[in-house]
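Undergrad: The structure that follows is given in the form of structure tokens.
Quick note: the coordinates plus some simple rules give every number you see, no bench work behind them. Only a predicted model underlies this, so the values are computations on that prediction, with no experimental measurement involved. All Cβ positions, glycine included, derive from the backbone under ideal geometry; neighbour counts span all protein chains shown.
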Amino acid sequence: MDEYIYSQSVHKDFHGIMSFLIKFIRKKHGARHMDRFFTDAAVYIYRPLIQRIKEKGLQEIKKHFSRVFDAEDGKYRFQKDTEEELVFRVDRCPAIWHMKDSGAVIDERFCHCSTELVNTAIAQECGFRFSVDYDQEKGSCLQRFWRPA
Amino acid sequence: MISANEFILFYNEIFKYLDSSFGKQDVEDLWSGIKDTYCQQIDRIIGQKGLKGMYEYWSKTLGEEGGRYNITLTDDEFIIDMHYCPSMGKLLNTHVKPYSDYCGHCPALYNDIIRKHGFEVDTYIIDRDKSACRMHVRKR
């Protein structure tokens, strides 16, 4: 990911508009376009991160998650951290809780798009697998990246 | 989670996706939906405080978003001279290609609301690739 954007101030209201983007494409154009958009956009947008993961491995995902969740005061921990597997537990998702606190409408497919589709696309590009078990209402999830046998 | 700092990149990409898949009108429908859903605060504050409300709103949001700009408020004018837009600035400093009418989202979100409250507004894109524009609001 390009370094510049992470040096900028954090405007958390953007999470609410992201939720609206998901709702718009889902309701107007259907799940097929929604899934295709987030998958293709993730591969394009995260190209620098994908390149770093290919070169240096899962530690680059760990660094990326630490940076973005720290910047937004998320509560998280890494439960497993090896070259073959990274398990990341989010206890308090800053996006979900900012939308809850600000009264924004959270689309029912928010976590599917912004975590499941995006991270699956990143993992696949790098030769890894990804799974997530999320509770959108609680703003918590368990994410797992691993290298297939 | 797509972080708040990464949002602008997805925002830009969805404009491209909708335009290439369904045409420009679909992008404008998206902007209209965002205006109706997320611009209630600015609608309310302009309705209550007029030009001073615009000053209050953009001082706060641009203060959070960053960029380089001057805001001018007089008794009958409100002007944003955007020297480096924080939104377009993010695109210009990454590998992503900006949507051809990325800057169009700004007047699409705000101009109808401003006019509704009795003001004239003009938006000038000075140089998209330098992230520079001007919004000029006047009492009618």
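Undergrad: Determine the relative contact order of chain B: mean sequence separation of Cα pairs under 8 Å and six or more apart, normalised by residue count, in whole percent.
TA: Details: 171 pairs, mean separation 33.6, N = 140.
Once normalised by length, the contact order is 24 percent.
Undergrad: Let me ask something else about it. How large is the dipole of the protein assembly as shown about the Cα centre if only Lys and Arg carry +1 and Asp and Glu carry -1, each at its Cβ, rounded to the nearest 20 debye?
TA: Result for the protein assembly as shown is approximately 200 debye, rounded to the nearest 20.
Undergrad: Oh, and also: Per the Kirkwood formula on distinct C-alpha pairs, the Rh of the protein assembly as shown is how many angstrom? Present the calculation step by step, with values, prior to reporting the outcome.
TA: Details: mean 1/r = 0.0499 Å⁻¹.
Computed over the protein assembly as shown, the radius equals 20.0 Å.
Undergrad: Around B:Thr94, under 12 Å between beta carbons, what's the net of Lys plus Arg minus Asp minus Glu among the other residues? Intermediate results must be reported in sequence, preceding the final value.
TA: On the way: positive: A:Arg47, B:Lys90, B:Lys97; negative: A:Asp2, A:Glu3, B:Glu6, B:Glu13.
Net charge around B:Thr94: -1.
Undergrad: Measure nothing but the geometry: give the 0 to 90° angle between the long axis through the Cα atoms of A:14-29 and the longest principal axis through the Cα atoms of chain A, rounded to 10°.
TA: 80
Undergrad: Just flag the GluC sites (Glu not before Pro) in region A:68-143 sitting in loop per DSSP whose Cβ has no more than 10 other Cβ atoms within 10 Å.
TA: Details: sites: A:Glu72, A:Glu83, A:Glu84, A:Glu85, A:Glu108, A:Glu116, A:Glu125, A:Glu137; in loops: A:Glu72, A:Glu83, A:Glu84, A:Glu108, A:Glu137.
Filter output for region A:68-143: A:Glu83, A:Glu137.
Undergrad: Would you calculate the convex hull of the Cα atoms in region A:1-54 and tell me its volume per residue in Å³?
TA: Enclosed volume per residue, from the Cα hull, is 81 Å³.
Undergrad: Same structure, new question: Send over the semi-axes of region A:21-139's equivalent ellipsoid, whole angstrom and largest first, taken as the square roots of 5 times the C-alpha gyration tensor eigenvalues.
TA: They are 24, 19, 12 Å, listed from largest to smallest.
Undergrad: Now for a different question. Could you tell me how far the Cα centroid of region B:114-137 sits from the Cα centroid of region A:3-49, in Å?
TA: Region A:3-49 and region B:114-137 have Cα centres spaced 26 Å from each other.
Undergrad: Something else: Sort out for me the Cα centre separation of region A:98-149 from region B:1-44, rounded to whole Å.
TA: Region A:98-149 and region B:1-44 have Cα centres separated by 21 Å.
Undergrad: Same structure again: Sum up the charges of everything whose Cβ sits under 14 Å from the Cβ of A:Ala31, counting Lys and Arg as +1 and Asp and Glu as -1, but leave A:Ala31 out.
TA: Summing Lys and Arg as +1 and Asp and Glu as -1 gives +3.
Undergrad: Measure up A:Lys27/B:Lys16; A:Lys28/B:Lys90; A:Lys23/B:Lys116; A:Lys100/B:Lys16; B:Lys52/B:Lys130; A:Lys23/B:Lys24 against 25 Å on the Cα-Cα distance and list the ones that go over.
TA: Working: A:Lys27/B:Lys16 18 Å; A:Lys28/B:Lys90 28 Å; A:Lys23/B:Lys116 27 Å; A:Lys100/B:Lys16 29 Å; B:Lys52/B:Lys130 28 Å; A:Lys23/B:Lys24 19 Å.
Correct reply: A:Lys28/B:Lys90; A:Lys23/B:Lys116; A:Lys100/B:Lys16; B:Lys52/B:Lys130.
Undergrad: With Cβ to Cβ distances under 11 Å as the rule, what net charge do the other residues near B:Tyr17 carry (K, R +1; D, E -1)? Numbers along the way, then the final one.
TA: Working: positive: A:Arg36, B:Lys16; negative: A:Asp40, B:Glu13, B:Asp19, B:Asp26.
Value of the local net charge: -2.
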